[in-house]
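Contents: one structure, followed by commentary.
The values are calculated or read from the model by the stated rules, or taken from the named source; none is laboratory data. In this text, all values refer to a predicted model and were calculated from it rather than measured experimentally. Neighbour counts are summed over all protein chains in view; Cβ atoms, including those assigned to glycine, are modelled from backbone coordinates with ideal geometry.
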Amino acid sequence: MEPANQTSITVGHIVVFGNEKGGCGKSTAAMHAVVALLRMGYRVGTIDLDARQGTFSRYIANRFYGNNQRNKGTPVPRHMGVMQSLAPTLKERMDDESSNFFAALEDLTRDNDFVVIDTPGADSHLNRLAHRFADTLVTPVNDSMLDIDLIADFDPETGNVRGPSVYARHVMQIRESRRKELNLPMRWIVMRNRVSPLNTNNKKDIGALLTDLSSRFNFQYIPGFTERLIFREMFSKGLTLLDMDGAETGRGLTASQMSARQEVRHLVHAIVPEDMRIALMKRKRESAVQQTRNSTKSA
Ligand SMILES: Nc1ncnc2c1ncn2[C@@H]1O[C@H](COP(=O)(O)OP(=O)(O)OP(=O)(O)O)[C@@H](O)[C@H]1O
Ligand SMILES: [Mg+2]
């Protein structure tokens, strides 16, 4: 029989947080998803393709440092950064970046259930590579028509949707080529971020619009994260609300923190494929059986 912690799971599911729009919450959402997956018991590797800005890498470095100093036992992912190449020619830069990206991917997919990739908010060779390898793409959008404009193209006279806009077209092309060339599907999740806690008309309108776009462009739309201090205030400690005392049970959390926790859970529920949920349950059960066997033997 396999050792308990080696039970096969669909290994190396690649989750990319991407949107050509900067500042929409890719790094924030990625970090919260990573911590949630780790705490559920998945093995997680992470790649920062925005290593020059380095938000994701610093978040993880802060977490790693805190893990050694303050918060012993806080789960940390195995992390790698891939820098944009500074080679003199475009061809050399693309070759460098491809080989560094594939090396990181190969290393991390080997022994992790998930590899979570944070990307920069601009079109680039590295960004395209990551999108091509996304088994699941998560696109955060702020509650603003400026963000939605990268997904849908609107008729300026009527306001009707004419078709996909620049980013959605790009995703749909990649999805099609993955299907044809690699025979692999790509799931696409669009999540709102920094949603107003107030029930404004804008909030309702954007919700209705994204629901409509989800069926036109074939993505799963989820309500995402509300604008909350808790999503940003623990960065320097490398922590998230899921690391707070009582995060498991909810005891001691404020109403806003409880809602935030629910929002993260909802995101992760959308990310984890059903077969991996089942495989994790199996792994945990086998591990419990093994522990019981070991303790019976030593008793
Ligand atoms: N739900 C939220 N509530 C409050 N603040 C948030 C929320 N989501 C993100 N932020 C804040 O918004 C800013 C942008 O978020 P973040 O850095 O995650 O975006 P990004 O898409 O990764 O940006 P970039 O394209 O520059 O990499 C940060 O200051 C972050 O703390
Ligand atoms: Mg970022």
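Restricting attention to segment 171-207, the residues being surrounded by 12 or more Cβ atoms within 10 Å (Cβ to Cβ), of a type in the set (D, E, K, R) and closer than 23 Å to Val272 by Cα number 6. Among the residues making up segment 121-146, those that are more than 13 Å from the chain's Cα centre (by Cα), within 25 Å of Tyr221 (Cβ to Cβ) and either away from ligand 2 (no atom under 16 Å from the Cβ) or outside any helix (DSSP H, G or I) (or both) are Gly121, Ala122, Asp123, Arg128, Arg132, Phe133, Val141, Asn142, Asp143, Ser144, Met145, Leu146. For segment 150-170, the set of residues classified as surrounded by fewer than 15 Cβ atoms within 10 Å (Cβ to Cβ) and in a loop (DSSP other than H, G, I, E, B) consists of Asp155, Pro156, Glu157, Thr158, Gly159, Asn160, listed by residue number. Tell me whether segment 96-116 contains one or more residues that are within 16 Å of ligand 1 (Cβ to nearest atom), touching a residue at least 12 places away in the same chain (Cβ under 8 Å) and out of contact with any Gly (no Cβ under 6 Å at 6 or more places or on another chain). Yes, some residue in segment 96-116 is within 16 Å of ligand 1 (Cβ to nearest atom), touching a residue at least 12 places away in the same chain (Cβ under 8 Å) and out of contact with any Gly (no Cβ under 6 Å at 6 or more places or on another chain).
Taking every residue in segment 268-292 that is farther than 30 Å from Pro223 by Cβ and of a type in the set (Ser, Thr, Tyr) and pairing it with any residue that is assigned to a helix (DSSP H, G or I) and modelled with pLDDT under 95, at least 6 positions away or on another chain, the pairs with Cβ-Cβ distances below 9 Å are Ser287/Ala4; Ser287/Asn5.
Would you be able to tell me the number of residues in segment 191-209 that are in contact with a Phe, Trp or Tyr (Cβ under 8 Å, 6 or more places away or on another chain) and either more than 16 Å from ligand 1 (Cβ to nearest atom) or closer than 13 Å to His32 by Cα (or both)? Number of matching residues: 1.
Listed by first and then second residue, the pairs linking a residue in segment 223-248 that is closer than 21 Å to Val141 by Cβ and free of Cβ contacts under 8 Å to residues at least 24 places away in the same chain to a residue that is exposed (fewer than 14 other Cβ atoms within 10 Å of the Cβ) and charged (D, E, K, R), with Cβ atoms under 6 Å apart and 6 or more places separating them unless they lie on different chains, form an empty list. Restricting Val115, Val141 to residues that are in contact with an Asp or Glu (Cβ under 6 Å, 6 or more places away or on another chain) and of a type in the set (A, V, I, L, M) narrows the list to Val141. Number of residues in segment 45-68 that are outside any helix (DSSP H, G or I) and either surrounded by fewer than 24 Cβ atoms within 10 Å (Cβ to Cβ) or modelled with pLDDT under 95 (or both): the value is 5. Identify all residues within segment 8-23 that are within 11 Å of ligand 2 (Cβ to nearest atom) and either crowded, with 23+ Cβ neighbours inside 10 Å or not in a loop (DSSP other than H, G, I, E, B) (or both); write none if there are none. Phe17, Gly18, Asn19, listed by residue number. Residue pairs whose Cβ atoms lie under 7 Å apart, sitting 6 or more positions apart in sequence or on different chains, and linking a residue in segment 26-45 that is on the phi > 0 side of the Ramachandran plot to a partner that is more than 12 Å from ligand 1 (Cβ to nearest atom), are Gly41/Leu280; Gly41/Lys284. In the set Leu242, Leu182, only one residue is touching a His at 6+ places or on another chain (Cβ under 9 Å) and either more than 18 Å from Cys24 (Cβ to Cβ) or at pLDDT 90 or above (or both); that residue is Leu242. Residue-level analysis places Ile174 outside the set of residues that are in contact with a strand residue (DSSP E or B) (Cβ under 8 Å, 6 or more places away or on another chain) and not acidic (Asp, Glu). Any residue that is surrounded by 15 or more Cβ atoms within 10 Å (Cβ to Cβ), over 21 Å from Met186 (Cβ atoms), of a type outside the set (D, E, K, R) and at pLDDT below 90 - is there at least one of those in segment 86-97? Checked segment 86-97: no residue is surrounded by 15 or more Cβ atoms within 10 Å (Cβ to Cβ), over 21 Å from Met186 (Cβ atoms), of a type outside the set (D, E, K, R) and at pLDDT below 90. Considering segment 235-266, and only residues there that are within 16 Å of ligand 2 (Cβ to nearest atom) and surrounded by 19 or more Cβ atoms within 10 Å (Cβ to Cβ), the residue that is nearest to Val35 (Cα to Cα) turns out to be Thr240.
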